[in-house]
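> Right, I'll just put the structure down here and ask away after.
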């Protein structure tokens with residue numbers, strides 16, 4: 001989350017909005033957002049409805065949900081899907097930026 | 001468990017943000033690229 005915050009302007013310049021979805025309740029989100037001054041959209045999903053819809057994995061042996069990232073382009077198409085296999089299995093921002101640059105490049109340009 | 005398919009429409013959803021505002025994935029169509037981050041918890 002800190003890396004996303006650090007590079008937020010890079011996302012904005014690529015016409016990208018960041019949405020964080022997690023199992024905590026609204027109060028936990030509000031507290032975390034205030035504590036870290038986050039500019040992202042925060043969506044509490046305590047019933048895990050969207051987490052399940054998007055197939056976020058639960059690893060019982062590692063006591064929790066694995067991180068996952070999906071890039072959706074302006075047409076609503078999933079252009080990048082990454083399901084983490086460990087807590088630290090998160091794509092680097094540079095990888096995400098390269099994909100966003102590709103998405104933002106008009107076809108045939 | 002279902003997973004999202006690459007290069008296919010992302011499943012639409014509606015959730016309420018922590019400020020109480022409803023957010024639909026489809027709200028962003030034609031407006032912005034999105035990075036959806038499925039968090040594992042605030043630690």
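The values are calculated or read from the model by the stated rules, or taken from the named source; none is laboratory data. Keep in mind that what you see is a predicted model, and the values were worked out from it rather than measured. FYI the Cβ positions are ideal-geometry reconstructions off the backbone, even for glycines, and counts take in every protein chain you see.
> Looking only at the stretch A:80-102, filter to residues that are modelled with pLDDT of 95 or more and within 7 Å of chain B (Cβ to nearest Cβ); which one of those is farthest from residue A:13 (Cα to Cα)?
A:96
> Quick test for you: out of A:70, A:50, A:81, pick the one residue that is part of a helix (DSSP H, G or I), under 18 Å from residue B:5 (Cα atoms) and in contact with a strand residue (DSSP E or B) (Cβ under 9 Å, 6 or more places away or on another chain). Can you show your working first?
On the way: A:70 fails: part of a helix (DSSP H, G or I); A:81 fails: part of a helix (DSSP H, G or I).
Just one listed residue meets the conditions, A:50.
> Could you grab me the full set of residues in the stretch A:7-36 that are surrounded by fewer than 14 Cβ atoms within 10 Å (Cβ to Cβ), in contact (Cβ under 8 Å) with a residue 12 or more places away in the chain and out of contact with any strand residue (DSSP E or B) (no Cβ under 9 Å at 6 or more places or on another chain)?
Residue satisfying the conditions is A:36 alone.
> Since residue B:15 meets every condition but one in (1) out of contact with any strand residue (DSSP E or B) (no Cβ under 7 Å at 6 or more places or on another chain); (2) at pLDDT 95 or above; (3) over 19 Å from residue A:12 (Cα atoms), which condition does it not meet?
(1)
> Could you tell me whether residue A:56 is without any contact (Cβ under 8 Å) to a residue 40 or more places away in the chain, closer than 24 Å to residue B:17 by Cα and part of a loop (DSSP other than H, G, I, E, B)?
yes
> Sticking with this one: Return the pair list, or none, for Cβ contacts closer than 7 Å from residues in the stretch A:86-109 that are at positive phi to residues that are outside any helix (DSSP H, G or I), at least 6 apart or on different chains.
As it stands, the answer is none, since no pair meets every condition given.
> Output the residues belonging to the stretch A:38-53 that are more than 9 Å from chain B (Cβ to nearest Cβ) and in contact (Cβ under 8 Å) with a residue 12 or more places away in the chain.
Initial filter on the stretch A:38-53 (more than 9 Å from chain B (Cβ to nearest Cβ)): A:38-39, A:46-48.
Listed by number, the residues that qualify are A:38, A:39, A:46, A:48.
> Just give me the residues in the stretch B:24-40 being under 14 Å from residue A:43 (Cβ atoms) and touching a strand residue (DSSP E or B) at 6+ places or on another chain (Cβ under 6 Å), in sequence order.
Of everything in the stretch B:24-40, those that are under 14 Å from residue A:43 (Cβ atoms) and touching a strand residue (DSSP E or B) at 6+ places or on another chain (Cβ under 6 Å) turn out to be B:24, B:28, B:34, B:35, B:36, B:37, B:38, B:39.
> A further question on this structure: All but one of (1) farther than 25 Å from residue A:28 by Cβ; (2) buried (at least 18 other Cβ atoms within 10 Å of the Cβ) hold for residue B:40; which doesn't?
(1)
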